[in-house]
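Notes follow once the structure below has been shown.
The values are calculated or read from the model by the stated rules, or taken from the named source; none is laboratory data. Being a predicted model, the structure only gives us computed values, none of them experimental. Neighbour counts run over all protein chains shown; Cβ positions are idealised from the backbone, glycine included. Ligands, DNA and RNA are excluded from the accessible area calculation, which covers all protein heavy atoms including side chains. Shrake-Rupley method; radii C 1.70, N 1.55, O 1.52, S 1.80 Å.
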Protein chains: 2
Amino acid sequence: MRYGAIEAGGTKFVCGIGAGPDDLQKTEFPTTMPEQTVERAVAFFRGSGVRAIGIGSFGPVDLRPESSTFGHITSTPKLGWRDFDLAGAIGRAVGVPVAFDTDVNAAALGEARWGAGRGLSDFVYITIGTGIGGGAVVGGRLLHGLVHPEMGHIFLPHDRTRDPFAGVCPYHGDCFEGLAAGPAIQSRWNTPASMLSADHAGWALEANYIALGLANLVTTLSPQRFILGGGVMKQAQLFPLVRAELLRVLNGYVQSPVLLEAIDEYVVPPALEDRAGVLGAIALAAQSYT
Amino acid sequence: MRYGAIEAGGTKFVCGIGAGPDDLQKTEFPTTMPEQTVERAVAFFRGSGVRAIGIGSFGPVDLRPESSTFGHITSTPKLGWRDFDLAGAIGRAVGVPVAFDTDVNAAALGEARWGAGRGLSDFVYITIGTGIGGGAVVGGRLLHGLVHPEMGHIFLPHDRTRDPFAGVCPYHGDCFEGLAAGPAIQSRWNTPASMLSADHAGWALEANYIALGLANLVTTLSPQRFILGGGVMKQAQLFPLVRAELLRVLNGYVQSPVLLEAIDEYVVPPALEDRAGVLGAIALAAQSYT
């Protein structure tokens with residue numbers, strides 16, 4: 001049984017066909033206007049025999065199954081995409097059932113099925129790149145809630161004597177995303193994150209903010225593992241810094257050997273690397289079809 | 001069908017017998033040494049014909065069903081209670097099945113069944129008193145995770161020019177509980193919270209910390225409602241302050257009418273008042289028996 005998958009991002013669409021990591025065929029192209037972008041995706045799936053298509057989408061999106069705008073992109077500032085019925089457009093054009101969730105929930109589901117979340121009932125996937133977003137598996141199921149909880153806009157302690165930078169979030173200034181996403185790093189140091197040397201002082205500061213963000217998820221969701229992806233986390237030196245800083249800020253409060261004795265396994269990169277999202281969309285499609 | 005219930009607190013035990021709010025009989029007594037306290041509870045249930053007993057306990061507790069110390073109080077500093085097998089002691093003495101969860105999860109379950117959480121799939125119950133603790137219903141089920149996520153130790157922005165108080169949490173100093181639980185209010189103003197006048201400046205500060213804590217739960221759990229209980233929340237003037245402050249700090253980020261148009265229904269007191277915990281323990285027992 002083969003499924004279709006779309007990882008719908010604000011800058012590119014990644015489309016896939018397959019049943020899992022071993023037979024995945026994929027293609028990608030830039031995100032332009034909605035009709036044109038959908039047409040390229042539809043052309044990829046046409047004649048492929050997929051039984052269902054899973055979409056993990058950039059947002060905000062409407063995920064309420066009872067809503068008349070389920071499957072729509074909602075209040076995005078992205079030109080042309082506001083109120084666009086992405087799930088409907090794909091489903092009507094290809095003529096198969098469509099399963100729809102956020103990009104980060106899809107990535108979490110991909111890791112749950114084939115990656116670093118296998119066998120876990122509770123874990124969090126976070127991407128730190130041009131923004132910060134999170135998806136969570138809670139009690140074996142994807143977390144949804146009232147609206148998708150994003151996780152990028154957590155408020156954190158911000159020591160302005162150490163870091164006078166005001167933050168770049170248009171809503172909150174110095175929330176997690178405002179302090180620690182790629183644009184914040186670039187703005188604070190006048191250098192793209194990818195150009196900062198591995199021993200730059202900015203990484204210790206970055207690790208501090210990431211650790212505070214994770215600590216707030218530990219005390220609210222109590223995951224068995226964190227999977228950290230996204231462009232900023234390609235800086236491999238961040239992982240040991242974040243692990244040490246997480247233990248330091250929690251200061252012995254969480255008395256679990258999963259943290260205290262196995263921190264290297266508690267905070268890990270995505271096992272599926274850049275394929276977590278598209279494989280998660282395959283898993284979404286398979287779930288909806290079965 | 002009648003069930004037994006224990007709300008096991010660090011200062012008192014509340015025991016109940018019944019099937020719900022309409023027929024609940026209850027008694028309470030101080031929490032002394034474990035054997036003596038358990039004997040008083042057992043005497044209350046003896047001959048009552050209860051089919052199962054639910055316990056909502058102070059913690060930390062071991063909630064992992066597969067653990068050899070499931071149902072135990074674990075690393076508490078409370079004299080005599082460390083490593084005490086509370087669920088086992090009750091179950092053996094009364095001879096019925098025992099369901100066991102945290103005090104805050106029991107209160108959340110009580111509100112889910114008979115109170116302000118009825119009909120909701122996702123909500124958070126928080127008690128703000130001598131400590132801060134939270135229980136959550138996620139996707140219609142109680143949240144557990146790796147260890148119970150407590151929610152009291154969320155890190156918050158702390159503006160030391162506005163509030164130079166260092167916080168009283170022994171682990172973190174100025175986390176949510178360290179800044180906003182009853183002992184923090186008492187220590188900051190040298191006056192018990194219950195003695196501060198309703199127009200004291202401390203309430204605006206308190207509302208700010210509570211709102212920041214709720215905002216961090218909005219962005220991680222996305223609840224449909226908050227239910228705020230505990231001694232500090234008996235100050236009824238806090239509710240309008242917290243609601244206004246929550247909208248102010250979120251600053252339009254969460255575009256849901258549930259917040260924007262119905263904030264009075266979004267942050268509410270427990271409908272069951274002080275009976276949420278013991279009624280939740282009744283519900284725990286009923287769930288385990290059916």
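With the charge dipole of the protein assembly as shown set up from +1 on Lys and Arg Cβ and -1 on Asp and Glu Cβ about the Cα centre, the Cα lying farthest toward the positive end among the listed residues A:Leu214, A:Leu279, A:Val242 is that of A:Leu279. The figure for A:Asp274 is an accessible area of roughly 110 square angstrom, using a 1.4 Å probe on the protein chains alone. Label point of B:Gln255 (7 Å along Cα→beta-carbon): distances to the other copies' equivalent points are 4.7 nm, sorted ascending.
Only protein heavy atoms count here, probed at 1.4 Å, and on that basis chains B and A bury about 3300 Å² of accessible area in total. Loop-located chymotrypsin sites (Phe, Trp or Tyr not before Pro) in segment B:167-222 (DSSP state other than H, G, I, E, B) with a sparse environment of at most 16 neighbouring Cβ atoms within 10 Å: B:Tyr171.
What separates the Cα centres of segment A:7-68 and segment B:64-139 is a distance of 43 Å.
Considering Cα pairs under 8 angstrom that are at least six residues apart, work out the relative contact order of chain A and quote it in whole percent.
Working: 590 pairs, mean separation 66.3, N = 290.
For chain A, the relative contact order is 23 percent.
Annotation: lysines with alpha-carbon distance below 23 angstrom to A:Lys78 (same-chain offsets under eight excluded): A:Lys12. Within the assembled protein chains, the solvent-accessible surface assigned to B:Val98 is about 40 Å², based on a 1.4 Å probe. Helix A:103-114: angle to the longest alpha-carbon principal axis of chain A, degrees 0 to 90, nearest 10? Helix A:103-114 sits at roughly 90 degrees to that axis.
Each copy carries a label point for A:Gly95 at 7 Å from Cα along the beta-carbon vector; from one copy to the others these points are 6.9 nm apart, nearest first.
Shown for B:Phe29: label points 7 Å from Cα along the beta-carbon vector, and their distances to the equivalent points in the other copies, 7.6 nm in ascending order.
Beta bridges per DSSP, both residues in the protein assembly as shown: antiparallel share near 60 percent.
Normalising the average separation of contacting C-alpha pairs (under 8 angstrom, six or more residues apart) by the number of residues puts the relative contact order of segment B:177-258 at 33 percent. For A:Cys175, the amide hydrogen comes within under 5 Å of the amide hydrogens of A:Cys169, counting only partners 5 or more places away or on other chains and with H modelled in the peptide plane. Per the helix-only calculation at 222 nm, which mean residue ellipticity applies to the protein assembly as shown, given -39500 (n - 2.57) for every DSSP H run of n ≥ 4 and division by its residues, nearest 500 deg cm²/dmol? After summing the helix terms and dividing by the residues of the protein assembly as shown, the value is -10500 deg cm²/dmol. Per residue, the accessible area of the protein assembly as shown comes to 40 Å² when a 1.4 Å probe rolls over the protein heavy atoms.
Of B:Phe165, A:Phe226, the order by accessible heavy-atom surface (1.4 Å probe, DNA, RNA and ligands excluded), from most exposed downward, is B:Phe165, A:Phe226. Distances between placed amide hydrogens fall under 5 Å for A:Ala99 paired with A:Ile53, A:Gly54, A:Ile55, all partners being 5 or more residues away or on another chain. The C-alpha atoms of chain A define a longest principal axis, and helix A:238-250 lies at about 60 degrees to it.
What the phi angles of segment B:33-48 give under the Karplus curve with 6.51, -1.76 and 1.60, with θ = phi - 60°, is a coupling list of 6, x, 5, 5, 5, 4, 4, 5, 5, 4, 4, 5, 8, 4, x, 7 Hz, glycine and proline written as x.
Largest accessible area first, the listed residues A:Ser222, B:Ser75 line up as B:Ser75, A:Ser222 when surface is computed with a 1.4 Å probe on the assembled protein chains.
Tell me the net charge near A:Tyr289. Cut-off is 15 Å between Cβ atoms, A:Tyr289 excluded, with +1 for each Lys or Arg and -1 for each Asp or Glu.
Working: positive: A:Arg2, A:Arg51, A:Arg113; negative: A:Asp101.
Computed value for this residue: +2.
Estimated at the nearest 10 Å², the accessible area of A:His153 is 10 Å² with a 1.4 Å probe.
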